Each structure stands twice: as structure tokens, then as C-alpha cells.
1. Quick check: residue separation of residue 259 and residue 126 times 0.36 nm, minus the Cα distance between them. What number comes out in nm?
2. Report the charge-dipole magnitude of segment 8-67 in Debye, nearest 20, computed about the Cα centre from +1 at each Lys and Arg Cβ and -1 at each Asp and Glu Cβ.
3. Find the accessible area per residue for segment 11-158; the probe is 1.4 Å, ligands and nucleic acids are left out, and the unit is Å².
4. Between residue 104 and residue 272, what length comes free when the chain is fully extended (0.36 nm per residue of separation minus the Cα-Cα distance, one decimal in nm)?
5. So which of 59/189; 79/149; 50/108; 59/135; 61/232; 59/239 end up more than 19 Å apart, counting from Cα to Cα?
6. Over segment 187-278, what is the relative contact order in whole percent, taking alpha-carbon pairs under 8 Å and six or more residues apart?
7. Note the full-extension length gain between residue 22 and residue 114 as 0.36 nm times their separation in residues minus their Cα-Cα distance, in nm to one decimal.
8. With no solvent and one point per C-alpha, what does the Debye sum give as log10 I(q)/I(0) for segment 146-226 at q = 0.23 Å⁻¹?
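The values are calculated or read from the model by the stated rules, or taken from the named source; none is laboratory data. Bear in mind the structure is a predicted one, so any value in this text is a computation, not a measurement. In this analysis, Cβ positions are derived from the backbone assuming ideal geometry, glycine residues included, and neighbour counts consider all displayed protein chains. Surface accessibility is based on the protein's heavy atoms, side chains included, excluding ligands, DNA and RNA. Shrake-Rupley method; radii C 1.70, N 1.55, O 1.52, S 1.80 Å.
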Amino acid sequence: MVSAIRHKASELQIDLENEEIILLGHSSESAGKLLRGTVTLNLTEPMKIKSVTLLFIGKMKVSWSEGIGHHQHYHKQEKDIIEHRWQFVPIMDQAHKKAYTLGAGQHKWDFELLLPGDLPQSLQAEGGQVTYRLKAVVERTAFLQNIVKKRAVQIVRCMLPSEFELIQTLEIHNTWAEKMMYDILIPSKVYARGQLIPITFHITPIATKLRVRSLTGTLKEYCTYTANECSKTDTRIIKLQRVEDPFPINPPTSPSPISWTKVLQLDIPPMSSQLAFCDADNEMIRIRHKLKFIICLVNADGHLSELRCSVPVLIISSISQQTELNTLPAYDQSWRTVLCMESPMATPYTEDPSVTTTSPSAAATEAAATSTSTEPISMATPINTSGALAMPDETVAASPSGDPLWWNGANLSRVPSYRTAAQQESAPFSTSLPSYDQLSVSPRHAAMFEQLSITPSNRHTPPPPSS
């Protein structure tokens with residue numbers, strides 16, 4: 001009863017700076033992202049506690065069963081992807097105490113963690129899950145129930161501008177000997193949940209009295225789960241669209257050449273539905289999708305013929321996540337570029353990169369068609385910080401007047417690639433910059449003077465020129 005009353009007198013919550021953590025690029029090239037937020041404890045009266053901790057943990061697990069009855073086998077595996085713990089209370093100088101009293105009011109603790117770029121994205125599939133969550137615990141004294149708050153963290157992976165060849169038009173073009181010429185077009189290889197996939201069929205018959213009986217478009221999903229060196233693959237049809245007798249029969253005396261065109265629409269289930277999952281590729285769960293096409297023909301003698309082909313496509317959570325990659329920077333900012341800092345703590349600020357792509361069509365057969373793309377150009381803006389951009393043994397460069405220099409004293413001959421610049425994080429502006437005298441006696445310069453047996457105090461200053 002006392003514990004229930006205490007809980008009503010307190011409120012614990014976890015607030016995140018961003019609702020979703022978006023990782024840019026493939027896991028092998030992503031720079032990672034910063035998880036940042038605040039733990040807040042509101043008390044209406046003083047409370048004795050033993051500790052306040054926060055745990056971030058990511059888990060991947062798969063499970064399925066095979067067989068029936070006594071021959072049934074159950075496969076299951078769970079793996080920790082990442083784990084990090086923050087200790088807010090006690091602090092170092094109070095470690096000898098066994099209990100601490102927090103006064104009434106609001107108590108806040110900020111936290112941040114740099115997430116590695118190779119983390120798998122969040123996933124809730126039929127046979128496997130990838131989940132991330134935060135768990136805050138206020139540990140109470142003996143016989144009192146702890147205060148616990150949990151919050152899920154959604155991690156999403158998005159494409160880089162260099163991968164935008166995936167959104168170019170894909171065309172399958174071929175000739176079926178002595179029967180017909182056909183073109184099948186789709187506007188992209190990447191689609192979001194809830195989006196429509198338009199499939200355009202262009203058919204030109206070659207054989208006389210040839211008729212198209214039906215056109216079929218199918219979106220198929222392949223889910224492969226691996227646990228303890230055992231694997232299982234589930235396949236299912238997400239969406240199927242079939243049209244019977246799609247084209248009118250032209251009279252044989254028609255003066256113009258016959259050419260037929262038809263568009264089929266396949267709608268992908270939205271995020272709220274479990275009828276489809278997003279693409280994934282990690283050591284325990286792999287999900288991929290294919291578009292399959294069937295053209296059924298009726299020949300002059302009445303027998304049926306079928307043409308089948310397929311192409312792989314990517315299904316992502318939301319196309320709106322690419323907005324920050326599609327926005328061009330202002331013209332007056334295009335002269336700036338992110339410098340390649342030697343400090344591992346460097347986090348320059350990045351403007352939205354500009355993207356330039358081409359849209360050629362590529363031929364395809366049963367396998368996937370491939371296309372090329374021009375490497376995009378991304379511009380970024382440097383900033384002046386004292387702690388983030390400077391090495392531990394040096395200070396940020398400043399002009400004689402005390403104003404900060406835009407290049408922060410970095411090596412101007414080193415610049416990153418466009419891809420590296422696009423992945424940089426923003427950092428706050430510094431409010432404290434060193435003076436010119438402080439810069440001249442920095443540890444880095446002092447070491448150089450010592451090697452030359454010269455100190456800043458005994459440097460020779462030439463006399464002023466005589467009048």
C-alpha cells in the first residue's frame with residue numbers, strides 16, 4: 001500500500017531528441033548516429049533512493065517450429081546487439097553512501113550515446129524481431145518497489161545519395177521469337193510501405209491471330225531465419241493483380257500496326273499491417289522481395305503460352321525519410337566544405353546534401369537489371385567549436401582580434417569524400433574561444449620551441465626600423 005502511494009507521488013519519463021534514429025547508407029559505410037535524450041523524475045515530496053540508472057539494450061531473436069507431434073523440433077536463438085548503462089545516482093563523491101534523498105520537484109539527467117553505423121534496423125517479422133529499448137530504474141530502499149520506465153527506440157536505415165540508382169526507371173525489353181515484342185516498365189526499384197507500384201506492359205504482336213489472354217503482376221516476399229546454424233525460408237505472396245483479356249481484338253484489315261499498352265497497380269500494405277515486412281539483411285534475419293510478371297498468350301491454333309520474368313525490389317519503411325537527402329543547399333553556402341579533422345571527437349555540422357542522378361533504362365531478364373548513377377555532390381558547412389574540433393593538446397585558432405577563424409586551425413589540404421561529408425553530425429557552437437596570446441603558447445607550439453631550444457619567452461624580436 002505504501003509503495004502504491006509513493007508511485008502516485010512520483011512520475012518517471014524518458015524523452016528523446018528524435019523519435020527515430022536514422023542511419024544513412026549501408027552498414028559497412030554508415031557513420032552511425034547520436035542517441036540523445038533526458039530522464040526526468042518528478043516528485044511531489046522528498047524520496048529516499050539507492051540509485052538512478054538507465055539501460056539501453058538491443059536484441060535480435062528468431063524462433064520457429066518444424067514437424068508435427070513427437071517429431072516436432074523447436075528452433076530459437078536470441079542475441080544481444082548492443083548494451084550501454086548510465087549511472088546518474090550515486091555520483092562519484094557519494095559512492096560511500098547507502099541511501100540518498102531527492103527533494104520534491106523535477107530532477108533531470110541528460111544522456112547521449114554514439115550508436116555504431118552497422119546496427120541492424122528495427123524489425124518485427126513473423127519469425128524474428130530486432131528491438132531496441134531504454135529502461136530507466138529508480139531503485140528504492142528496502143521493502144519499497146522500484147520505479148521503472150521503458151521506452152522503445154526505433155532505428156531506421158536509409159539510402160545515401162550514392163545509392164539513388166535504385167530509384168531510376170527499370171525496363172525489361174525483349175523479343176519472343178516469332179510471337180511478340182514486349183516491354184515491362186516499373187518507375188523504381190525502391191518502394192515504401194503503403195505505396196503503389198505501377199507496372200506498364202507494352203506489347204507488339206508479331207504472329208498473326210495472337211491474343212493476350214491475361215496479364216499478371218505479383219509482389220512476393222522471402223523471409224529467411226537462421227538459428228544455431230539451422231535455417232528456414234518462408235515465402236508468401238503479398239499482392240497479386242491479374243487482368244483478363246486486357247486488350248481489344250483488332251480487325252485483321254487494320255491499317256496501323258498493332259501495339260497494346262496496359263498498366264497494373266500493386267498496392268503495398270501500410271506500416272500498420274503485418275501482411276508485409278521491410279527488407280532486412282543481417283546474420284539471423286534476411287528479408288527480400290521480388291516482382292514477378294506473367295504474360296499469357298493464346299496462339300492461332302488455340303494452345304496457351306506463358307512468358308515469365310522477375311526483378312528484385314526493395315521495400316522500405318517510408319520514402320519521406322529521404323527528404324533530408326533531396327534538399328539542395330543554399331548557393332551562398334556551397335563554397336564551404338567539411339574539413340577532415342584529425343580529432344576523433346570532431347563532429348562538424350552538415351547541411352543537406354545535393355543530389356544529382358541520371359535515369360537511364362536498363363535491360364533485364366529473369367535476373368535483376370542493373371543501372372549506373374553519377375556519384376552525387378554534397379556540400380557541408382564547418383563550424384567553430386573549442387572542445388569538439390580541437391585536439392586535446394591544442395586550442396582553436398583565432399585571429400589577432402580574437403575572432404575565430406572559420407577553418408579552426410585545421411589542415412586545409414585535407415577534405416573528406418562527399419559520402420563522408422554527408423554522414424557528419426551537427427555540433428553546438430562554442431561560446432569560449434582562446435585569445436591570440438593563449439594560442440601562441442599552446443602545448444603544441446611549446447613542444448616545437450623546446451625541440452629548437454627556444455622558448456616563447458626568449459624568442460628574438462627584431463628591433464623596429466629606424467626612422
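1. Here the answer is 43.5 nm.
2. 340
3. Value for segment 11-158: 55 Å² per residue.
4. Value of the extension gain: 56.4 nm.
5. Beyond 19 Å: 59/189; 79/149; 59/239.
6. Here the relative contact order equals 42 percent.
7. Between residue 22 and residue 114, full extension yields 31.9 nm more.
8. -1.22
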